[in-house]
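Visitor: Before I ask anything, let me first share the structure, which is written out below as structure tokens.
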Amino acid sequence: MADRPETSDHTSIQRRISAAQDGNQPQQLFPFAGNPREPMPVGLPFWLQDYLELVDWSGRCLREDKRGAIDEQLPPILERLQIDPRHWLYLNRNFESRFKSLVGAAHSVRSVCE
């Protein structure tokens, strides 16, 4: 049992954090596709940042007398992971070039490839 998501061995959140620190998404897990839209690319319809904050927030809601609760005194997960908001914004704006893949409708991806 870990006291914070980033140290929880054998979990998807630990894999996602580790891959994100290298500028990637883990191959074994369903990717994040960003904000929901039509047509929606394959993937989870939100950002990694939102997922990290949701897991962190959910862990803080667990009762303190139960195993697995995240200590209220612990800084927020993005702060603990030392994710600079400016860098995070850059990654979001430059997703396709940074992660070496294209995101969007099939016809849009085809036109970029041509």
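The values are calculated or read from the model by the stated rules, or taken from the named source; none is laboratory data. Not measured: the values here are computed from a predicted model. With ideal geometry, Cβ positions are generated from the backbone for all residues, glycine too; neighbour counts draw on all protein chains shown. For accessibility, only protein heavy atoms count, side chains too; no ligands or nucleic acids. Shrake-Rupley method; radii C 1.70, N 1.55, O 1.52, S 1.80 Å.
Visitor: With +1 on each Lys and Arg Cβ and -1 on each Asp and Glu Cβ, how big is the dipole of segment 1-85 about its Cα centre, in debye rounded to the nearest 20?
Guide: So the magnitude is around 280 debye.
Visitor: Taking only protein heavy atoms into account and a 1.4 Å probe, give the accessible area per residue of segment 1-44 in Å².
Guide: Averaged over the residues of segment 1-44, the accessible area is 65 Å².
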